[in-house]
Every structure is written in structure tokens, then in C-alpha cells.
1. Please arrange Met50, Met134 by counting, for each residue, the other beta carbons lying within 10 Å of its beta carbon, fewest first.
2. Looking at the range 3-173 only, what percent of DSSP beta bridges run antiparallel? Nearest 5 please.
3. Per-residue HN-Hα couplings for the range 77-85, Karplus 6.51 cos²θ - 1.76 cosθ + 1.60 at θ = phi - 60°, whole Hz, x for Gly and Pro?
4. Could you tell me whether the range 1-103 comes out rounded, prolate or oblate from its Cα gyration tensor? Rule is a ≥ b ≥ c as square roots of the eigenvalues, rounded for a/c under 1.5, then prolate if a/b exceeds b/c, otherwise oblate.
5. If amide H atoms are built 1.01 Å from N in the plane of the peptide, which residues on other chains or at least 5 residues away come under 5 Å of the amide H of Ser4?
6. Considering the Cα positions of the chain, please state its Rg to one decimal place and its Dmax as a whole number of Å.
Amino acid sequence: MSGSIVFLGDGLTAAGRWEESLPTFEVQNLGVGGDTTDEAIARLDSVVGMAPDAVVLLIGTNDLGWRRSDEYVVRNIETILVTLRKRLPHTRLLVQSVLPREREFATTIRSINRHLRQFAPTQHAQYLDLWPAMAEPDGELSAAFTNDRLHVNDEGYAAWVAELGPALETLFLHAPTTTAIPIQHA
């Protein structure tokens, strides 16, 4: 299995050693520490210019730090997916759930992830739910995977890659879908 993959996201993505973890792929890591969904939208031209075989997206946790609503985050991630599908119709898309963090954010993150899981298929994107592998029962990021309940340590990245690897295998098993179901935004 091989192909070119662009990782788009925030500092959680930026800190991943994806090239090392996924050696059969040509990886470009476009994660930027501190990025919000707005900043990811502003960088979509860079992604499109690379014309990758796949885009792997994880974004949204920094929006929560700015106290943006689940609706705001979902709408922006929907915009990212719609834009990528329209401009890269032959590219495989994988959207990952927003990772757990401090308990106070659990309800909002669960809401975001529920919406993403429902929306992803409308853009022929695969959804990867990282919550079961990464969250404590109370909704916090597992203590084994972090030192600050936000950033992921080496053990956390290992758990993440253990979920991501099979998801990428599934993603690359199928030809990319070239059209999306149009979504009417109010």
C-alpha cells in the first residue's frame, strides 16, 4: 500500500511523526501548532496545490480553547470537507474525530464528533473515531497518553497510529469517489 498523504491539522497533527509511523506512504505534514478551523480553511490552497492521493484531517480542539461553539467548529470542518471534495474530486478524504481533552470539553467534543460522523459520508469521506481508543470513561484524554490533558505523548501517538493504520488501509482499498452529495447551507 502506498500513495501520497497530506496531514492537515493543528499542533496535534504537527507533532506526529507520520513519515516514521507510515513508511509506505509519501507524507506531507501540514499540521500547524495553534491552528483553528479558520486557519485550516485559509491553508486549503496549499493542500489543493499538492494534489495528494489522500488528505487526513484533524482540527478543532484549538477552537474550543477560544470558546467557539460546537456548531461553529462543525460548520468550519464541513466547509473544509466540501472544499476539498470539490477541488480535489479524485482524492480520498479521512476526517478524524476531535480528540478528547479536559473533562469540561467532553460534551462539546462528543457533539462535534457526532455531527462529523454523520456529515463525512455526504462528502464521500471516511470518518475515524479515535474517542474509544483515546478517552477515559469521563471523557478526558487518557492519562496514559498525555501530561496535560491536551497534548499527546509518545504512547498516545502509538495508540493513534494503531487506529489510523487500519483506517488508511481501508481508505486505500477503494478507488476515490469523485462526486459528493450537495449540501444546502442556510
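1. Met50, Met134
2. Counting only bridges with both partners in the range 3-173, antiparallel ones make up about 5 percent.
3. 5, 4, 4, 4, 5, 4, 5, 5, 5
4. Here the range 1-103 falls in the oblate category.
5. HN-HN under 5 Å from Ser4: Glu26, Asp53, Ala54.
6. Expressed in Å, the Cα Rg and Dmax of the chain come to 15.2, 43.
Rule-based calculations on the coordinates, nothing more; no lab input. Here the structure is a predicted model, which is why all the values come from computation and not from measurement. All Cβ positions, even for glycine, are placed from backbone atoms using ideal geometry, and neighbour counts span all protein chains on display.
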